[in-house]
Amino acid sequence: MELLEARSLNVLFILTIILSACSQPSQAAAPPKWAIGTGIGVQGTLIGWTESAAVGSPGDDIFFGEMYDASGNFHETVGQGTVDSNGNFGFHADCTAGKGACIVGLSVDQALCQGLSVSDKALKLTEIELIPIDAQLSESQSRPGGVVLISTSKPSSMFEVFNWDTYSYIHASTNSKVKGSCSYPDEGVISYDLDLYKGWNTVRQYQHKVTTAVIPPETQWLFINPITIGE
């Protein structure tokens, strides 16, 4: 009889542990590292900046990220950066309330193209597609305009710039997956495989494919103009 009671107590004890574990709220899986949250904040050296002027110093400058719609029309500036004559730069795009809210994004149809598979139809996108820096021309200074590439290597010509292996940022208004292909007059067919989380996400564009991806630690911010590329 005592043995039976002991076994019953053991069973009750085990059941209590199991029920207690089941009653605990399940923890959501941590988002992937390409989901970087509400703000972008990057500091470092803009490679090529100090060599970018034909005459004089490249000087200090302010630059902005730019977003375009599906038709290639300029939509809005997104984020702001500064660079000094030594190439030290900072770039930020902060979506935190009270620190400069993100602009209202575009629907996937407006931002990319129609016909893509979108898991959350309410998704709005804000994308940094281009980071240009205007030319500075005067009697004492001649710096041709160019673009900033976020990449692990430098293209060998200006022709390659827009088909290069690069990284960028997309802000999503909600968690959503975006898949499919778009055909553009200049770029041709580009396929999208995006697993977006609410907030900013890092993406890679390579060989006409855009995917959510972690920016590798060896990636650099490169200033590309005809002088830095040797043309």
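A compact table of results
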{"item": "Out of Pro226, Pro217, sole residue that is free of Cβ contacts under 8 Å to residues at least 24 places away in the same chain and in a loop (DSSP other than H, G, I, E, B)", "result": "Pro217"}
{"item": "Residues (out of contact with any helix residue (DSSP H, G or I) (no Cβ under 8 Å at 6 or more places or on another chain), within 16 Å of Phe162 (Cα to Cα) and of a type in the set (Phe, Trp, Tyr)) located in the range 186-224", "result": "Tyr206, Trp221"}
{"item": "Residue in the range 148-162 that is outside any strand (DSSP E or B), touching a residue at least 24 places away in the same chain (Cβ under 8 Å), aromatic (Phe, Trp, Tyr) and closer than 23 Å to Val83 by Cα present", "result": "yes"}
{"item": "Tabulated pairs, the range 117-135, first over 24 Å from Pro58 (Cβ atoms), second modelled with pLDDT of 95 or more and among the charged types (D, E, K, R), C-beta under 7 angstrom, 6+ apart or interchain", "result": "Ser117/Lys179; Ser119/Lys177"}
{"item": "Residue match in the range 181-192 (condition: crowded, with 19+ Cβ neighbours inside 10 Å, in contact (Cβ under 8 Å) with a residue 60 or more places away in the chain, among the hydroxyl-bearing types (Ser, Thr, Tyr) and in contact with a Cys (Cβ under 9 Å, 6 or more places away or on another chain))", "result": "yes"}
{"item": "Qualifying residues in the range 131-147 (those that are part of a loop (DSSP other than H, G, I, E, B) and hydrophobic (A, V, I, L, M, F, W, C)) - the one farthest from Arg204 (Cα to Cα)", "result": "Ala135"}
{"item": "Residues (closer than 30 Å to Gly180 by Cα, at pLDDT 90 or above and not in a loop (DSSP other than H, G, I, E, B)) located in the range 54-91", "result": "Phe64, Gly65, Glu66, Met67, Tyr68"}
{"item": "Test: residue in the range 108-130 that is part of a strand (DSSP E or B), in contact with a Phe, Trp or Tyr (Cβ under 7 Å, 6 or more places away or on another chain) and surrounded by 13 or more Cβ atoms within 10 Å (Cβ to Cβ)", "result": "yes"}
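The values are calculated or read from the model by the stated rules, or taken from the named source; none is laboratory data. None of these values were measured; they are calculated from a predicted model. Here the Cβ is made from the backbone with ideal geometry for all residues, glycine too, and neighbour counts use every protein chain on show.
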